Amino acid sequence: MQRFRIRGGRTLNGEIEISSAKNSVLPIIAATILCDDECIIENVPMLDDVFVICDVLKSLKVNVSIDVGNRIFRINSKDMLPLDLSENLIRKMRASFLVLGPLVSRFGKACIYMPGGCNIGLRPIDLHLKGLAALGADISIVNGCVEIIAKRLVGSNIYLDFPSVGATENLIMAATLAEGKTIIENAAKEPEIVDLAVFINGMGGDIQGAGTSKIVINGVKKLRGVSHIPIYDRIEAGTYIVLAAITKSKFSIKGINEEYLNPILSKFYEMGLDMDVNGNEIFVNGDSDLKPINVKTLPHPGFPTDMQPQLMALLSITNGASTIIETIFENRFMHVMEMCRMGANISIHDRVAIIEGVSKLTPSTVKATDLRAGAALILSALSCEGESEITDIYHIDRGYSSIECKLRKLNADIERI
Ligand code: UD1
């Protein structure tokens with residue numbers, strides 16, 4: 001099994017480029033099957049999760065051609081068949097479930113195993129299924145497999161009990177080819193949902209209000225192929241901002257959208273981090289005196305749960321006591337035990353983490369327990385002098401494109417072994 005060996009303590013410099021957002025690319029790839037023309041997605045990050053969703057499509061006889069050098073994906077589902085989805089593929093990644101909406105929408109049926117993914121919580125799918133049922137689908141669960149049948153989905157009013165990102169995306173895709181108007185209330189407002197709507201509208205769909213809590217979808221009969229460049233990855237950008245701060249380095253991060261990044265930036269400003277945004281670039285002066293803060297993870301535009309472990313790494317060496325309340329996933333503090341191995345002083349009380357800043361962390365061998373936990377451990381290891389090893393890095397490869405190459409360009413000492 002691969003691991004990272006990191007010799008930390010260096011000051012980093014240079015410039016780092018942000019890739020397209022994993023969480024945009026995954027639903028967009030799923031949405032390509034809403035039409036039977038070729039769709040072209042550009043600047044796609046080469047991530048394990050992206051290859052998994054492509055494998056899901058390929059298993060349905062969709063033609064996926066990948067130009068790795070130019071990061072261009074050409075997807076054509078002209079010959080697609082509504083086959084059952086392999087349990088293995090679906091268990092590999094929760095986002096595979098995103099093909100459900102478009103599959104039912106296009107073929108009137110789908111059979112799919114319950115999804116897998118990061119081990120950060122129960123992550124039920126009730127909201128996806130309730131929404132599809134409201135659109136007229138018949139749903140049964142047999143031996144862990146969800147079977148859905150709908151002759152034609154019909155527009156409806158859907159209220160989500162929680163603004164789930166995946167459920168909002170699945171229902172947007174399902175409603176796109178449904179008959180009549182669908183209104184999703186208490187919809188998720190994440191930037192990646194806006195990107196999905198832009199993509200589908202480019203295909204000839206009619207989605208209004210994406211990015212607000214009320215999304216209106218007027219069903220259309222047919223969609224056409226389109227070319228699209230997904231938005232920048234705000235979580236990757238946030239991770240590298242922490243990197244500058246935790247290593248007391250100064251460098252530029254290219255490829256940000258300030259509006260989308262604001263929920264993250266506002267917490268760094270509150271800590272006193274010196275940052276200068278210039279268009280789609282941000283310069284971070286990590287040599288700033290930082291203050292402890294209190295943070296609560298919330299749906300967008302709140303502070304994203306996907307940045308919680310990385311922020312915790314920074315708070316663990318920020319003088320004073322900080323608190324983090326995790327409201328999105330009930331089991332998203334697994335990195336705490338690993339960070340404590342590195343000398344962090346963190347205690348957990350239900351969904352609240354109390355972080356007493358220490359002057360520095362100490363190198364250690366630690367395990368990436370999920371994707372963002374893994375990122376937090378890389379940041380922690382780079383902050384302290386000496387050699388650390390991070391195991392189970394396959395989690396990190398799910399969501400960070402060429403992470404060790406990008407870090408080495410900044411003069412970090414990291415190797416994959
Ligand atoms: C997406 C992101 C993930 C991010 C999360 C929250 C992708 C591919 N993944 O995941 O990186 O951490 O949003 O911002 O975009 N829930 C239910 N019932 C449901 C669906 C969700 O109770 O049917 C609950 C979940 O258990 C969780 C909360 O809602 O507690 C948020 O989940 P959701 O927004 O659906 O996250 P994902 O779409 O899985």
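Key figures for this structure:
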| quantity | calculated |
| --- | --- |
| Tabulated pairs, segment 282-304, first open to solvent by 70 Å² or more (accessible area, probe 1.4 Å) and within 16 Å of the ligand (Cβ to nearest atom), second assigned to a strand (DSSP E or B) and not β-branched (Val, Ile, Thr), C-beta under 9 angstrom, 6+ apart or interchain | Lys296/Phe303 |
| Some residue of segment 226-235 being part of a helix (DSSP H, G or I), closer than 24 Å to Ile6 by Cα and at pLDDT 95 or above | yes |
| Strands (runs of 3 or more DSSP E) completely within segment 1-109 that count 2 or more residues being over 30 Å from Lys151 (Cα atoms) | 4-8, 13-17, 63-67, 72-76 |
| Residue match in segment 43-62 (condition: in contact with a Leu (Cβ under 9 Å, 6 or more places away or on another chain), open to solvent by 30 Å² or more (accessible area, probe 1.4 Å), hydroxyl-bearing (Ser, Thr, Tyr) and within 21 Å of Ala174 (Cα to Cα)) | yes |
| Residue list for segment 341-358, filter: under 24 Å from Phe4 (Cα atoms) and open to solvent by 50 Å² or more (accessible area, probe 1.4 Å) | Arg341, Asn345 |
| Count - residues of segment 166-205 that are polar (S, T, N, Q), open to solvent by less than 10 Å² (accessible area, probe 1.4 Å) and under 21 Å from the mean Cα position of the chain (by Cα) | 2 |
| Residue satisfying condition, being of a type in the set (Ser, Thr, Tyr) and open to solvent by less than 30 Å² (accessible area, probe 1.4 Å), within set Ser266, Ser227, Ser252, Ser213 | Ser252 |
| Unmet criterion (only one of (1) over 22 Å from Lys406 (Cβ atoms); (2) in a helix (DSSP H, G or I)) for Ile241 | (1) |
| When residues of segment 388-417 are limited to those that are farther than 21 Å from Asp49 by Cα and acidic (Asp, Glu), the one surrounded by the most Cβ atoms within 10 Å (Cβ to Cβ) | Glu389 |
| Qualifying position, being assigned to a strand (DSSP E or B) and of a type in the set (A, V, I, L, M), among Ile148, Ile172 | Ile148 |
| Unmet criterion (only one of (1) surrounded by 15 or more Cβ atoms within 10 Å (Cβ to Cβ); (2) at pLDDT below 85; (3) within 15 Å of the ligand (Cβ to nearest atom)) for Val146 | (2) |
| Positions within segment 83-128 being small (Gly, Ala, Ser), more than 11 Å from the ligand (Cβ to nearest atom) and modelled with pLDDT of 80 or more, in sequence order | Gly101, Ser105, Gly108, Ala110 |
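Here is a yes/no grid of residues against (1) away from the ligand (no atom under 15 Å from the Cβ); (2) small (Gly, Ala, Ser); (3) within 24 Å of Leu377 (Cβ to Cβ):
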site	(1), (2), (3)
Gly8	yes, yes, yes
Thr11	yes, no, yes
Glu17	yes, no, yes
Asn23	no, no, yes
Ala30	no, yes, no
Asn43	yes, no, no
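The values are calculated or read from the model by the stated rules, or taken from the named source; none is laboratory data. Fair warning: this is a prediction, and the values are worked out from it, not measured in the lab. With ideal geometry, Cβ positions are generated from the backbone for all residues, glycine too; neighbour counts draw on all protein chains shown. All accessible areas refer to the heavy atoms of the entire protein, side chains included, with ligands and DNA or RNA removed. Shrake-Rupley method; radii C 1.70, N 1.55, O 1.52, S 1.80 Å.
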